[in-house]
Amino acid sequence: MQNKLNDYTKSREYFERALKVIPSGVYGHLGPASGCMTPVEAYPFFASKAQGQYFWDADGNKFLDYMCAYGPSVLGYGDPDVDEAFKKQLADGDCLTLPSFKMVELAELLVDTVKSANWAYFMKNGGDATSYSIMIAREATRRKKIVFVNGFYHGVMPWCQKIDNAGVIEDDIRNALYIEFNDFTALEKVFAEHGDSIAGFIGTPYMHGNFKTNVTPANGYWQRVRELCTKHSSVLIIDDIRCGFRLDLAGSDHFYGFEADLICFCKAIANGYNISALCGKDFLKPVASAIMFTGSYWMSSAPMAAAIANINKLKKLNAPKFLKETGQKVTDIIVKAGALHGFEVEVSGEPALFYLMLKNDYSQIIHQQWVAECVKRGVFLTNHHNHFTCMAMTDSDINFTGEVAEEAFKVTRKNNPKFFGD
């Protein structure tokens, strides 16, 4: 384990330059103000390169990366097979007047792979896929209202934000209905009151929201949701942007034993190359065909070639099994390290996308301190987001994680004697 703590001099210099020409310097969830990288002095702001399970920041510090680019790096950075497929197609042509036949091949592969898919449509961002799914649901049903699960995140378009978010007005969310995850009684009530107006229900496979314990579905929950949507002729949409291909290559709806009408993919579809997809049932294909929804680079073929190589390699390696087992090993070793210094670590969600919190740390400040100590020692975690495993991770990496986690717990306990009554 490295003894010298990371220095971020160059990252800070770049950030000062960025502030002059870029709003917030670094924007979105990666920005210092987002809350996921607090205290900010523990984190770098800019990367320089990446390979496998590691990235290096602008100062040359090396990190074992449990964020995996917030999910896209599923095989590991710079996978040679995926990169070769991308480069080969790039040499033949990428963004052209007409789409490449690679679009057909990728759609066929997704239909063959994803259990609930009869067709596929390609875009660039997860938010593109969720937005298109909502348009399809509303056009198919000629209804307006959408049911959301509290704690949701389906992108940054106004329809899927909250009224107190900057730039969002009441009209943007006028047709949003909200329930709690796993509360089927509440969902029944919402459908009883608004069923004739509900175009669709959108939810993630399990509640993997930020800043809170992640929650997996109760026994039979999704099957009952499926029945209720069918009864009221509402479209069931699964946002599989974060979980897709990590839990089950056939889709996370298949993993939990039901079938969605529409299912959205992005992060792990092409190992970091920019493409997303919406897959759906046959009865919605005519509706999808009737909606004008496209973009300047949506038929770019090099990312499609990368996606084909990525999905085939995930199949060959039985990726969900490896990712689950790796996540379990990582969390087990972190829990053990915490216990050695009096910390009770809560692990929630699915192992391939594990979420960490310290029990009894209601302010979450001590949790933030512990994460910061890990980051300063070369294990990159964030505070209030689920973490990811990738196919490049090894037992040596897991052991290194345990060593860093234990040292970080030791330092955190020393810095918080009142928390333990020391």
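The values are calculated or read from the model by the stated rules, or taken from the named source; none is laboratory data. Given the structure is predicted, the values throughout are model-derived calculations rather than measurements. Virtual Cβ from ideal backbone geometry, glycine too; neighbours counted across all protein chains shown. Accessible surface is based on the protein model in full, side chains and every heavy atom, while ligands, DNA and RNA are left aside. Shrake-Rupley method; radii C 1.70, N 1.55, O 1.52, S 1.80 Å.
Structural remarks
- Across segment 388-397, the number of residues qualifying as open to solvent by 10 Å² or more (accessible area, probe 1.4 Å) and more than 19 Å from the chain's Cα centre (by Cα) comes to 3.
- Figure legend. Inter-residue proximity from segment 84-109: first residues free of Cβ contacts under 8 Å to residues at least 40 places away in the same chain, second residues surrounded by 16 or more Cβ atoms within 10 Å (Cβ to Cβ) and of a type in the set (Phe, Trp, Tyr), beta-carbon distance below 9 Å, spacing 6+ or different chains. Indicated pairs: ALA107/TRP119; ALA107/TYR121; ALA107/PHE122.
- Near pairs, Cβ below 8 angstrom, 6+ apart or cross-chain, from segment 359-387 (open to solvent by 10 Å² or more (accessible area, probe 1.4 Å) and modelled with pLDDT of 90 or more) to any residue that is among the acidic types (Asp, Glu) and not in a helix (DSSP H, G or I): LYS359/GLU344; LYS359/GLU346; PHE380/ASP65
- Residue pairs whose Cβ atoms lie under 9 Å apart, sitting 6 or more positions apart in sequence or on different chains, and linking a residue in segment 274-301 that is free of Cβ contacts under 8 Å to residues at least 60 places away in the same chain to a partner that is part of a strand (DSSP E or B), are THR294/MET123.
- The sole residue among GLU350, GLU344 that is acidic (Asp, Glu), without any contact (Cβ under 8 Å) to a residue 40 or more places away in the chain and either open to solvent by 30 Å² or more (accessible area, probe 1.4 Å) or closer than 19 Å to GLY71 by Cβ (or both) is GLU344.
- Applying the criterion of being hydroxyl-bearing (Ser, Thr, Tyr) and farther than 26 Å from GLY280 by Cβ to the residues of segment 77-121, the residue that is least open to solvent (accessible area, probe 1.4 Å) is TYR77.
- Leading residue by the ranking (most open to solvent (accessible area, probe 1.4 Å)) among those in segment 54-75 that are of a type in the set (A, V, I, L, M) and within 26 Å of ASN210 (Cα to Cα): ALA69
- Qualifying residue in segment 132-155 (condition: over 26 Å from HIS254 (Cβ atoms) and at pLDDT below 95): no
- When segment 1-26 is limited to residues that are among the hydrophobic types (A, V, I, L, M, F, W, C) and assigned to a helix (DSSP H, G or I), the one that is surrounded by the fewest Cβ atoms within 10 Å (Cβ to Cβ) turns out to be VAL21.
- The one condition in (1) in contact with a Pro (Cβ under 8 Å, 6 or more places away or on another chain); (2) without any contact (Cβ under 8 Å) to a residue 12 or more places away in the chain; (3) hydroxyl-bearing (Ser, Thr, Tyr) that THR185 fails to fulfil: (1)
- Being within 21 Å of the chain's Cα centre (by Cα), within 21 Å of LYS4 (Cα to Cα) and outside any loop (DSSP other than H, G, I, E, B) is a description that applies to PHE55.
- Within segment 35-52, the set of residues being in contact with a helix residue (DSSP H, G or I) (Cβ under 7 Å, 6 or more places away or on another chain) and part of a helix (DSSP H, G or I) comprises VAL40, ALA42.
- Summed over segment 398-422, residues that are open to solvent by 10 Å² or more (accessible area, probe 1.4 Å), touching a Leu at 6+ places or on another chain (Cβ under 9 Å) and either within 24 Å of GLY78 (Cβ to Cβ) or polar (S, T, N, Q) (or both) total 1.
- Of residues in segment 27-53 being over 22 Å from GLN369 (Cα atoms) and at pLDDT below 95, the one surrounded by the fewest Cβ atoms within 10 Å (Cβ to Cβ): GLY28
- In segment 125-141, the residues that are among the basic types (Lys, Arg) reach residues that are open to solvent by 10 Å² or more (accessible area, probe 1.4 Å) with C-beta atoms within less than 8 angstrom, at least six apart or across chains, in these pairs: ARG138/LYS144.
- Close contacts from segment 404-422, counting a first residue that is charged (D, E, K, R) and a second that is surrounded by fewer than 20 Cβ atoms within 10 Å (Cβ to Cβ), with Cβ to Cβ under 7 Å and a gap of 6+ residues or different chains, come to GLU406/LEU340; GLU407/MET1; LYS410/HIS341; ARG413/HIS341; ARG413/GLY342; ARG413/PHE420.
- Scanning segment 334-389 for residues that are of a type in the set (D, E, K, R) and under 26 Å from TYR153 (Cα atoms) gives GLU346, GLU350, LYS359, ASP361.
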